[in-house]
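Here is the structure we will look at, set down as C-alpha cells.
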Amino acid sequence: MKKKGILILILTLVIFGVLGCGIYYFFKNNPVKSKDEDRISKEELQYILDNFEMSQVDVRKIPTDVLTYSKKLKLFDNIYYAKNLVFVYGYEKNSKIKYVSEKFHKNIQKELSKSGMDEKYEVITISRPEAKVSAVMKKLKIDVPDEEVSSCDIRNGDLKGIMNIVETTAECYSGACIVNPKTKEYIVLPKAYPEIILKVLEEYK
C-alpha cells in the first residue's frame, strides 16, 4: 500500500504540473527523491561495489504509452528511440543545484571517457526539459485545462501521453538512467553514487 501511495503522489504532482502549466515547476522543484539521499560510508560503498551483481538492479519496462507518444509527438524520442544503448541524465550548464550540477556532469564525462564507456553508450543530457514539453504542446495546439479539472476528465490522448512521458523522464532528469531501446527497458540510478553508476554501466549488457 505504501508503494501505491507513493505512485499516486508522484502521478498527482505530474497531473497538477501539466494542468497548471507547471511543467517547469515539476522538473525543477520536484526531483525524484533517492533512497540513498543520506550518503553511506566509504566502507559500505566499497562492500556494495565488491559484491555487486546485475541481478540486484531494478530493470523496468518502458511504459507502452511513453513509447507510443514519444514517437508520435517526437518528445524525447532521441532517448527512447536511439539506435544504441543510452545513458541519460539531467544537466543544466552553470547550475549549482546538486541533481543537475556542473560538477556531476564534468566528473561523469571524465570517467566515461577514461573507461571507454562513452563508446558503448550514447550519452544524452536533458537540459530545460520543461521548455521542450511546452514547445510540443504549443506546436500541437493542445489546450491546457484549468487546475480543477480531474485527470479522469482529460480526453486529449496527446496530453495524457505527455503526462506519462514527463513522469518517466523526470526520473532520468533528477537522477540518471540507462535506456535500452531494443529491449524497451530502463534503469534509474541515483546520482549520489557515481561509483555505482559506473559499475552498472560497465556490467550492463
Condition (residue is modelled with pLDDT of 95 or more and open to solvent by 70 Å² or more (accessible area, probe 1.4 Å)) applied to segment 55-63: is it met by at least one residue?
yes
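If a residue has to be in a strand (DSSP E or B) and open to solvent by 10 Å² or more (accessible area, probe 1.4 Å) to count, how many in segment 171-188 make the cut?
Residues that pass the stated criteria total 4.
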Odd one out for G5, checked against (1) loosely packed, with under 14 Cβ neighbours inside 10 Å; (2) at pLDDT 50 or above; (3) not hydroxyl-bearing (S, T, Y):
(2)
Quick check on segment 72-89. Is at least one of its residues within 13 Å of the chain's Cα centre (by Cα) and on the phi > 0 side of the Ramachandran plot?
yes
Looking only at segment 118-136, decide whether some residue is touching a helix residue (DSSP H, G or I) at 6+ places or on another chain (Cβ under 9 Å), surrounded by 14 or more Cβ atoms within 10 Å (Cβ to Cβ), hydroxyl-bearing (S, T, Y) and at pLDDT below 90.
yes
Near pairs, Cβ below 8 angstrom, 6+ apart or cross-chain, from segment 27-54 (farther than 30 Å from I165 by Cβ and modelled with pLDDT of 70 or more) to any residue that is open to solvent by 60 Å² or more (accessible area, probe 1.4 Å) and assigned to a helix (DSSP H, G or I):
I40/I48; L45/E195; L49/E195; F52/E203
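Name the helices (runs of 4 or more DSSP H) wholly within segment 58-150 that hold at least 3 residues that are out of contact with any strand residue (DSSP E or B) (no Cβ under 7 Å at 6 or more places or on another chain), of a type in the set (D, E, K, R) and free of Cβ contacts under 8 Å to residues at least 12 places away in the same chain?
Values: elements: 64-73, 77-80, 102-115, 129-139.
The qualifying helices (runs of 4 or more DSSP H) are 102-115.
The values are calculated or read from the model by the stated rules, or taken from the named source; none is laboratory data. Please read all numbers here as calculations on a predicted model, not as lab measurements. Cβ coordinates were reconstructed from backbone atoms using ideal geometry, including for glycine residues, and neighbour counts include every protein chain displayed. These area figures cover heavy atoms from the full protein model, side chains too; ligands, DNA and RNA do not enter into them. Shrake-Rupley method; radii C 1.70, N 1.55, O 1.52, S 1.80 Å.
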